[in-house]
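Take a look at the structure set out below.
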Amino acid sequence: MSSPALALRGLTKAFDRPVVENIDLTIARGEFYALLGPNGAGKTTILRMVAGLLKPDAGAISIFGIDALADPVAAKQVTAWVSDEPMVYDRLTPLEYLDFVAGLWQVEPRRAAAVANELIDWLGLRPHANELCGGFSKGMLQKVALAGALVHDPQLIILDEPLTGLDAGSARQVKDVLLDKVRSGVTVIMTTHILEVAERMAQRIGVIAGGRLVAEGTLAELRQRIGRETTLEEIFLDLVSQQGAAP
Amino acid sequence: MTLAAGTLPWFARHELLLAWRDFAAMLTRGRKGRLWGFAIGGLLVYALLHLIAWYTIRPWQLGGMVADKQTLVLVSGMGLLFWAVTLSQALESVTRVYYARADLDLILSSPTSPQRIFAVRAAAVAITTWVLGALLISPLVTVLAIIAGPAWLGAYLVLAGLAALSVAIALAVTLLLFRLVGPRQTRFIAQIIAAIIGAGFIIGIQAVAILSHEGFSRLSVFQSEDVIAAAPEPSSLVWLPAHAAMGDFPAATLVAATGLAILAGVIALTAPSYGRLATAATGLSHIRGQRRRSRAAFRPTTQHQALRRKEWRLLQRDPWLLSQTLMQILYLVPPALLIWVNYGAGSGAFIVVVPVLVMACGQLAGGLAWLAISGEDAHDLVATAPLPRGTVLRAKVEAVLVIIAIVLAPILVFIGLADLRMALVTGLCAGLSAAAATAIQLWFRVTARRSMFRRRQVASRAATLSEAFSSIMWAGTGALLAAGSSVALLPALIALAVLGVARLVAPKSPI
């Protein structure tokens, strides 16, 4: 049996107070998983630990069967991270940025050039491909960051609020790219405050409150859990209020 | 007292509150107790400066203070040096009035007149310039007022006039740059002009002193017999600021009034365009980016090479680096002249040249290392890339040291042609100074954006002090080795001790 795309066991992290407590989570290969929760619930902390940006206090992280804490380099090879604040270099052009990312992930140059140009076209960045990113809008920067995440053909894409601040057109492009990737077998984990996006795109949804995973399942399973046919927004508010952590 | 909203005093109070909170936050970094520590420490240093001023001025006072030509030339020269630095600082501050984005959107979108906020901010720059200058000269002025009479307090009036004149010139230059080169380039060019004015005058008179064989001192030109002989008589109006600074109270009032009147006039002339220019400056992110010929070659590369290439590409496009390199080149002009003038006349000149080069390499390496190691705009990207952290750091350090080597190599060849031993000493000490500065930046690394560069010295005083002390000590080692002194080991040992202390006090590395 093949390993799941991501398996978290007893994941725990505290700063001045516990932020993530004993999280167990399994995400299958090729799954689109949405992680929801009120502000400060611990969503970003979980994802940053999975991406190797934070060290957990306790617990285990397995990415496609690779122990990410014991062998972070191997785990990072198949993973891509996109944060809510697109981190790109002001003084590199999108093509130069993708060239750099391809170098870091050791993508074969001819393939990197082909994928980079394909992504540039796909995300509508062609007219700006040779302009420095310094003058770009938030939406354009987010698209450059997303292209960077995809240029090395990752099997697990982790996105923290990728649609925040994007206009309708840019948001649509990003959503289309992600759905296309899932169709081709890539696993996507995404946090979002836009519940309609989770409702429409995610195959399974996890709800985090107070650092704990309070509910998980498909939309139908979550509806079943609260016992009425309603929207994800109602389900979310109900689950969170039960935990005493109103959004 | 309640002030009417939108009036000049209301804006002034708002600015004062923000300035005070910025200042307190810079000193305390969130811990209020530190403010007392800084206050007590500051008072002790201030008292010490008064003591030094007393022992410096007392012999002059005992010898009789006469406003003769020699004294007037010296006072005017020193005043010009001080004013050049003031003008440089004013130019920097004035560009911030136009480019500081924080609350300009709010203010410019409100129904208040932008001219009022401009007048308040321009006045604030003048007051800040005056206060900083006053703090610097106050030990001298206080001692002079005590031993030679309160008329010396008029120096503060002269300073107010000079500060106002500096800000007026800075405003005019900034406005001119907006007209000539547009909002995208104005800030960058203003920074370069500020750097040239700040360093250029000092370096210029040093160069004149060297060429006229007066020595290496900045003040030797003002003590030169030729200059004194050629200067106008003491009754000339040219000496009005010098007379004013030396206790002529009516002259001091006239200088202050003239400076303030010019500033008021320039503010009145430049204020109407403020809203338009500030909007253009803060709206730069909406302006189409600069097109570049693509250099994304997608060539076969190792992770190491990819990182180094990225660092070099970013450093090459960094405006700070450009202005800093220009400054370093300017600072190297006097020692280069010294070598040229003394070429073939023995190695005496190298005792001066070696420490300057060593110090310059240490300082440049420290700045470059911060930009490469801490100023990582895509920290998450690099941290999530499949390579060990050690590889990332090694590549960044290599990128810095290679640049230093490229800058230093031609100078070393030039020195080597004259004296091979001196070239070896310079190369060794400059290498050690650069390596030490890089190591300190590595130990004190933080996660920051490159645009935070200007605040790096505030963010870690321990790193800044260690870097400066280390560079000074390696420069001292270089000078003593150049002089053939066996005491050279002492500053080298102190430099190593500084590094040891820096390693001990450096924070634990983040993940």
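Relative to the longest principal axis of the Cα atoms of chain A, helix A:232-242 runs at roughly 50 degrees. Amide H to amide H, with H built 1.01 Å from N, A:VAL214 comes under 5 Å of A:VAL207, A:ILE208, A:ALA209, counting only residues 5 or more places away or on other chains. Solvent-accessible area of the stretch B:19-85 (1.4 angstrom probe, protein heavy atoms only): carbon and sulfur portion equals 72 percent. Need one word for the protein assembly as shown: rounded, prolate or oblate. Basis is the Cα gyration tensor (sqrt eigenvalues a ≥ b ≥ c); a/c below 1.5 gives rounded, then a/b vs b/c decides. Prolate is the answer for the protein assembly as shown, as a/c is 1.5 or above and a/b outweighs b/c.
In order along the stretch B:143-154, the Karplus-derived 3J(HN,Hα) couplings, from 6.51 cos²θ - 1.76 cosθ + 1.60 at θ = phi - 60°, round to 5, 5, 5, 6, 8, 10, x, x, 4, 5, 4, x Hz, and Gly and Pro are given as x. Rounded to a whole number, what % of the accessible area of the stretch A:83-199 do carbon and sulfur atoms account for, probe 1.4 Å? Solvent-exposed carbon and sulfur of the stretch A:83-199 make up 49 percent of the total.
Solvent-accessible surface of the protein assembly as shown, averaged per residue with a 1.4 angstrom probe and all protein chains in place: 46 square angstrom.
Among A:ALA68, A:ALA168, A:ALA34, determine the one that fluctuates most according to a GNM of chain A built with springs between C-alpha atoms less than 10 Å apart. Its mean-square fluctuation being the largest, the pick is A:ALA168. Computed from phi, the 3J(HN,Hα) profile of the stretch A:112-120 under the Karplus parametrisation 6.51, -1.76, 1.60 (θ = phi - 60°) reads 4, 4, 5, 5, 4, 5, 5, 5, 4 Hz, with x in place of Gly and Pro. For the stretch A:13-68, the carbon plus sulfur part of the accessible surface works out to 47%, probe radius 1.4 Å.
Put simply, the amide H of A:VAL188, placed in the peptide plane, has neighbours under 5 Å in A:GLU31, A:PHE32, A:TYR33, A:ILE157, leaving out anything fewer than 5 places away on its chain. Comparing each chain alone with all protein chains together (probe 1.4 Å, DNA, RNA and ligands left out), the residues of the stretch A:62-82 losing at least 20 Å² of accessible area are A:VAL73, A:LYS76, A:TRP81. Relative to the longest principal axis of the Cα atoms of chain A, the long axis of helix A:94-104 makes an angle of roughly 70 degrees. Chain B and chain A together bury an accessible surface of about 3700 square angstrom, both sides counted, with a 1.4 Å probe and no ligands or nucleic acids included.
Residues of the stretch A:114-139 that lose at least 20 Å² of accessible area (1.4 Å probe, protein heavy atoms only) when the other protein chains are present, relative to their chain alone, are A:PRO127, A:ASN130, A:GLU131, A:LEU132, A:GLY135. Largest GNM mean-square fluctuation among A:ALA60, A:ALA171, A:ALA220, using chain A with Cα springs under 10 Å: A:ALA220.
Legend: residues in the stretch B:374-413 shielded by at least 50 square angstrom of accessible surface upon adding the remaining protein chains to the isolated chain (1.4 Å probe, heavy atoms) are B:ASP377, B:ASP380, B:LEU381, B:THR384, B:PRO386. Simple spin-label estimate for B:ARG184 and B:ILE406 gives 2.5 nm between the two label positions (7 Å along the Cα-to-Cβ direction from each Cα). Between A:PHE64, A:PHE136, A:PHE236, the GNM of chain A built on Cα springs shorter than 10 angstrom shows A:PHE136 fluctuating the most. Each residue of the stretch A:129-145 was assigned a 3J(HN,Hα) from its phi angle through the Karplus expression (A = 6.51, B = -1.76, C = 1.60, θ = phi - 60°), giving 4, 10, 9, 5, 5, x, x, 7, 6, 4, x, 5, 4, 5, 5, 5, 4 Hz with x at Gly and Pro.
The values are calculated or read from the model by the stated rules, or taken from the named source; none is laboratory data. The structure displayed is predicted, hence computed values, not measured ones. Positions of Cβ are backbone-derived with ideal geometry, glycine not excepted, and every protein chain shown enters the neighbour counts. Just the protein is used for accessible areas: all its heavy atoms, side chains included, with ligands, DNA and RNA removed. Shrake-Rupley method; radii C 1.70, N 1.55, O 1.52, S 1.80 Å.
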